[in-house]
Amino acid sequence: MFEYIRLDLLKKFNRYRETFLNSKMRALNASQVLVMIPTWHTIWGMVVCFKTLANQTILDLSYRMGDLAYQYGVGEPKKRKRRRALPLYGTIRKMTLDPRLLSRWLEYESYDYRPFFTWYITLVQILLCAYYLNLYGIGTDFGSLHTGIVERSGDVYAPSFSTVHIVTWEQNNYWIGPSFASLVHMGAKYTPCMRQDKQIYARIIEERKQESETGCCIWKDVCYQTSECPKVYDLFMKFANSTPDRPIRAVCGQDPRYCKKPRSIEPFEWSGDISQWPICNEKSSFIPSMATHMHCEIVGRPCCIQMHGQCRITTKQYCDFVNGYYHENATLCSQVDCLNEICGMFQFRKKNYPDQLYRLFLPLFLHAGIIRILITIFLQFTIMRKFENMIGWVRLSIIYIFSGIGGYLASATFEPYMPELGPAGSQGGVLAALIVDIIYNWKYIKDPIRVLSIHIIIAIFLLFTGFLPFIDNWAQIFGFIFGSLWAAVLIPYIGESRIRRFFIVGICAGFLILLYVTLLILFFGGFEINPKFAFLNCPFPGKVCDHQGSQLKSWLPI
C-alpha cells in the first residue's frame, strides 16, 4: 500500500514540477498548487524535494513546500532571497486558483519550455551575418554617414575612345554592413526578383526595341554597337548585306551567316530582329574580308547597371566604375539577363521571368549590418526568449515565421523597389502576440497598465527604426497584425469558455486566410502602387530614399 502511495505521489509530483518550468507559474504560491495533494502526501513530497536540491526549479518548490509543512507544524519556514521577474513582462498576482482551472493549465504546460527556437534562430542569424560580412565586406562609407549618400565622380573611357565624366550616387549603409547592391545578392526582399514587374519589363522592352535599330560603329580596326556613331568614325554599318527581301542588321562581331554554334538553319533560323539573336559560341573558320563588322576588335560589351535591369554597351573601365556587371562574351544587351545578374542567388527558370519567391522567407535570417544584428539579439534574448518560455517553441516558431512572411508579402506589394532584410515583421508579430497575451490575462497580472505601456513603447520604438533605410515598416505593421491574429488562434487562455474560445479562433483564422489571400492577389496581380506608399518606409527628402543602387547623373546612348 505504501509503495502504491509513493508511486502515486511521484507521478503527481513530477507533474507539478513541470509547472514551475513555466515563467507564469513561478510567481504562484506553491501552497496554491499543492492544494490538490492530500495531506498524507505532503511529508513524502518534502523528502523527494530535498533530494533534488541541485535543480534550481525544484529548489524553489522545496522552499514553498517547507512553508506548507510549517503551516501544519512540521519544521521551520525556509528563508531565501526573493527572485523578481523582469518588469518588462510583469508578474502574476497571488490568487487562489480553482483546481479544475489549474488542471487545465497543467495540461497546456506539460512539456519542456526551454527557449530552443530563440537560441537556434538567433545563432543562425549571427552566423549568416558573419558569413556575409566576410564575403561582401563592409560597404559603409563612414565619411558620408551624415548625408546618407555616397557620391563618386571620375573620368573614364567610353567606347568612342573619348573621356567622359561620371557622377554616381549610392545609398550609404547606416548599419555598418555590405553595400546596397550586395544586400540584394544576399537575398533581401526585392519584388523585381520575385515576380515580373510591369514597369521594369516595359522599360526593358523599350530598350530592346531601340537596340534592334542599332548598327556597328567602326573606326580603323575597332568597333562597338550603338545607335549614335560619332562622325569622326570611318563607318557606321547598319546592314550586313544588300538583300532587300531579307536584310541582316550589322552587329559587331556577330553574323548568322558566319556562326557555327548555334547555326542559323531551318527550323532554328535566326530572327530578323537582332534583339532575338543568341550568343555565337563558335565562329566560322572562313569569314570574307568584306564583312568588316566581323574583323574589328570590339571595345564595347553589355554592362548591367543599377537595380532595374538597365543595360548599356560600354567599356569594362566604365562598367567597373559604376559597379556594373560586364559581359565579355555577349555583343548585345538583349543577350544578357541583367535582372538575373542584379538579383543573384539562383538563376531564373525562364529568362526575364523572376521567380525568387523564397525572398519572402530568407530575409528573416539576414541583417543589413552589425548594428541591426545587435538590436535583434537584444530583442530576441529579452522579449522573445521569455515569451517562448511561456508558450513553447512550436507556437512561437509559427508566430515568428508566418508573421515575418506575411509582413514581407505586404512589403513586397506596397514597397516593391526598396530592398529590405531583417526579422522586422517577425519581431513585430512576437510583440503583438505578447500584447494579446497581456490583454487576455489582464486580471491575473500585477499593474497591467504599466506592463502594457512598456510593450507599446517598444512597438513605437520599432516603428521609428522602420523609417531608416533597409528596415521595413510595412513588414513591421503587417507583422504586428499577423502576430496578433496568430496569437489569438494558437495561444491557450485560461478561463475562457469552450464556445467563446472556438468563436475567437474561428474569427481570427478567417481574418488570417483573408489577409494572406488578399496580399497574394495584390502581389501577383502587379497593380500599380501609389508612390506615396514609400513614405511609410523612408520619409526623408533627397536621394537618401532612392532605390536605384548606383545612380548615374548622365547615361550613355543605347
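Brief remarks follow.
- Where a residue in the range 294-315 is within 22 Å of Lys209 (Cβ to Cβ) and touching a residue at least 24 places away in the same chain (Cβ under 8 Å) and its partner, wherever it lies, is part of a strand (DSSP E or B) and of a type in the set (S, T, N, Q), with Cβ under 6 Å and at least six apart: Gly300/Thr314; Cys303/Thr314; Ile313/Gln225
- Failed item, numbered, when Pro423 is tested on (1) touching a Phe, Trp or Tyr at 6+ places or on another chain (Cβ under 9 Å); (2) within 19 Å of Ile491 (Cα to Cα): (2)
- The residues on offer are Trp270, Trp219, and the sole one that is over 48 Å from the mean Cα position of the chain (by Cα), surrounded by 11 or more Cβ atoms within 10 Å (Cβ to Cβ) and either closer than 19 Å to Ala291 by Cα or not aliphatic (A, V, I, L, M) (or both) is Trp219.
- Whichever residue in the range 323-382 is without any contact (Cβ under 8 Å) to a residue 40 or more places away in the chain and farther than 30 Å from Lys261 by Cβ and, among such residues, is surrounded by the fewest Cβ atoms within 10 Å (Cβ to Cβ): Phe378
- Test: Phe480 is open to solvent by 20 Å² or more (accessible area, probe 1.4 Å) and either touching a strand residue (DSSP E or B) at 6+ places or on another chain (Cβ under 6 Å) or in a helix (DSSP H, G or I) (or both): yes
- Cβ separations smaller than 7 Å between residues 6+ apart or across chains give the following pairs from the range 165-181 residues that are closer than 17 Å to Gly324 by Cβ to residues that are basic (Lys, Arg) and open to solvent by 20 Å² or more (accessible area, probe 1.4 Å): Val167/Lys553; Thr168/Arg152; Trp169/Lys543.
- Close pairs (7 angstrom Cβ cut-off, 6 or more residues apart or separate chains): of a type in the set (A, V, I, L, M) in the range 469-494, in a loop (DSSP other than H, G, I, E, B) anywhere: Ile471/Gly422
- Hey, Phe402 under 13 Å from the mean Cα position of the chain (by Cα), open to solvent by 40 Å² or more (accessible area, probe 1.4 Å) and within 24 Å of Tyr190 (Cα to Cα) or not: yes
- Candidates Ser212, Ser284 - the one that is in contact with a Phe, Trp or Tyr (Cβ under 9 Å, 6 or more places away or on another chain) and either small (Gly, Ala, Ser) or open to solvent by less than 100 Å² (accessible area, probe 1.4 Å) (or both): Ser284
- Residues of the range 351-368 satisfying the condition of being assigned to a loop (DSSP other than H, G, I, E, B) and in contact with a Cys (Cβ under 7 Å, 6 or more places away or on another chain): Pro354, Gln356, His367
- Test result for Val436, over 28 Å from the mean Cα position of the chain (by Cα) and either part of a helix (DSSP H, G or I) or modelled with pLDDT of 85 or more (or both): no
- Only one of the numbered conditions (1) in contact with a strand residue (DSSP E or B) (Cβ under 8 Å, 6 or more places away or on another chain); (2) modelled with pLDDT of 90 or more; (3) open to solvent by 20 Å² or more (accessible area, probe 1.4 Å) is not met by Ala412, and that is (3).
- Candidate set from the range 454-477 (those that are of a type in the set (S, T, N, Q) and surrounded by 18 or more Cβ atoms within 10 Å (Cβ to Cβ)); member that is modelled with the highest pLDDT: Gln476
- Selection within the range 287-306: residues that are among the aliphatic types (A, V, I, L, M) and assigned to a loop (DSSP other than H, G, I, E, B). The member of this set that is least open to solvent (accessible area, probe 1.4 Å) is Ala291.
- Cβ separations smaller than 6 Å between residues 6+ apart or across chains give the following pairs from the range 412-439 residues that are of a type in the set (Phe, Trp, Tyr) to residues that are part of a helix (DSSP H, G or I) and surrounded by 23 or more Cβ atoms within 10 Å (Cβ to Cβ): Phe414/Trp474.
- For the range 510-519, the criterion of a residue being hydroxyl-bearing (Ser, Thr, Tyr), closer than 25 Å to Pro192 by Cβ and not in a loop (DSSP other than H, G, I, E, B) is satisfied by at least one position.
- Checked across the range 152-170, the condition of being closer than 30 Å to Phe381 by Cβ and modelled with pLDDT of 60 or more holds for no residue.
- Within the range 149-193, tally of residues that are of a type in the set (Phe, Trp, Tyr) and within 14 Å of Glu420 (Cα to Cα): 4
The values are calculated or read from the model by the stated rules, or taken from the named source; none is laboratory data. Since this is a predicted model, take the numbers as computed values, not measurements. For neighbour counting, all protein chains shown are included, and Cβ atoms are generated from backbone atoms with ideal geometry for every residue, glycine included. Areas reflect the complete protein model, heavy atoms only, side chains present, ligands, DNA and RNA absent. Shrake-Rupley method; radii C 1.70, N 1.55, O 1.52, S 1.80 Å.
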